[in-house]
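What follows is a short report on a single structure.
Nothing in this text is a laboratory measurement; each read-out follows from the coordinates by a stated rule. Not measured: the values here are computed from a predicted model. Backbone-built Cβ (ideal geometry, glycine too); neighbour counts: all protein chains shown.
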Amino acid sequence: MNQSDNRPQMNTPHTATATPLKVLTYNIYHGEKFYSPGKPNLDEIAEIIAAEKPDLVALQEVDRHTRRSAKLYGGVSQDLTQELARMTGMHGYFGRAMEQHGGDYGEAILTRTPAVRATNHPLAAPSGGEPRALLQVELALTGDRTASRTLTFAGTHLCHQHEANRLAQVQEIIRLAEAAPHPFILAGDFNFETGEAPYHALAHALQDTGVAFGNPQHTWPVDQPSTRLDIIFTDKRHHWIVKDHRLLPHNASDHHPVIAILELTSRQERAHQ
């Protein structure tokens, strides 16, 4: 339904325009087991991802050729994105947020099918602190029943130090989401409480899939989760149905991974909300 069509269609069965997408978001703690310092976790992370068979993965705290990764992995610095892509059979894309430990640190995205474009967006930090970024890829949806359609998938990791930074970063992300000409999914570690202004701004602009499914669970810290930092959002211009949403009970990192299964339906069948 286009925006000018305000007729309620709550009783009209939806028509899926693409096969459901399984989306996973995971803060991987730079490839190190949080509760076993000095031990690598990449094999375990790869096993978790491979077992779920996701279509799209957003990863946070990802090192690329840092001295820190060399200490963990036998003296050889690692490109964690490409290693995870190799181990899972997926395509990997990295977005640099900052220099760290002699290499790069930021976000990564893994995709089941290759992206047609990958773009990294530095995010504002008006109060100072660590630089942050949003990485987005564009790729073709599969199983489309109506026409060829492109999807934008973005991953990010917001500032943990200053709420003013998180709010500025959320405002930038909303502008990017609204400017995206395609259906849009956002996933990441947002470092905000769901009672804070940055969450309310983002949840107003985008659909929180955990809330939509009815089970928004705490994801951090992994031993006694008390805060919901890891969230998957969809745009509100298109009708996304959340078929499943769950936390995965793994302790390879200090965060639990989160999975959502999302189905995009035709605009013509969209329920009026």
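The table below gives the values:
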{"quantity": "Per-peptide average of other Cβ atoms within 10 Å, ordering 164-172, 94-102 highest first", "calculated": "164-172, 94-102"}
{"quantity": "For Q100, residues with placed amide H under 5 Å, excluding near neighbours", "calculated": "Y105"}
{"quantity": "Neighbour net charge for L167 - beta-carbon separation under 15 angstrom, K R +1, D E -1", "calculated": "-1"}
{"quantity": "Highest average packing first - 39-46, 174-181, 23-30, Cβ atoms within 10 Å", "calculated": "23-30, 39-46, 174-181"}
{"quantity": "Segments 48-54, 182-188, 222-228 sorted - mean Cβ within 10 Å per residue, highest first", "calculated": "182-188, 48-54, 222-228"}
{"quantity": "Most fluctuating residue given options A154, A118, A108, as computed from a GNM of the chain linking Cα atoms under 10 Å", "calculated": "A118"}
{"quantity": "Linear extension gain, R117 paired with H162, 0.36 nm per residue minus alpha-carbon span", "calculated": "13.1 nm"}
{"quantity": "Proximal lysines relative to K33, as straight alpha-carbon distance under 30 Å, when same-chain residues fewer than 8 apart are discounted", "calculated": "K22, K53, K71"}
{"quantity": "Fraction of the pair-distance distribution of region 21-269 above 23 Å, Cα-Cα pairs, percent", "calculated": "46"}
{"quantity": "In order through region 181-196: 3J(HN,Hα) via Karplus (6.51 cos²θ - 1.76 cosθ + 1.60), integer Hz, x for Gly, Pro", "calculated": "x, 10, x, 10, 10, 10, 9, x, 9, 9, 6, 10, 7, 6, x, 8"}
{"quantity": "Built amide H within the under 5 Å cut-off of K236, gap 5+", "calculated": "Q207"}
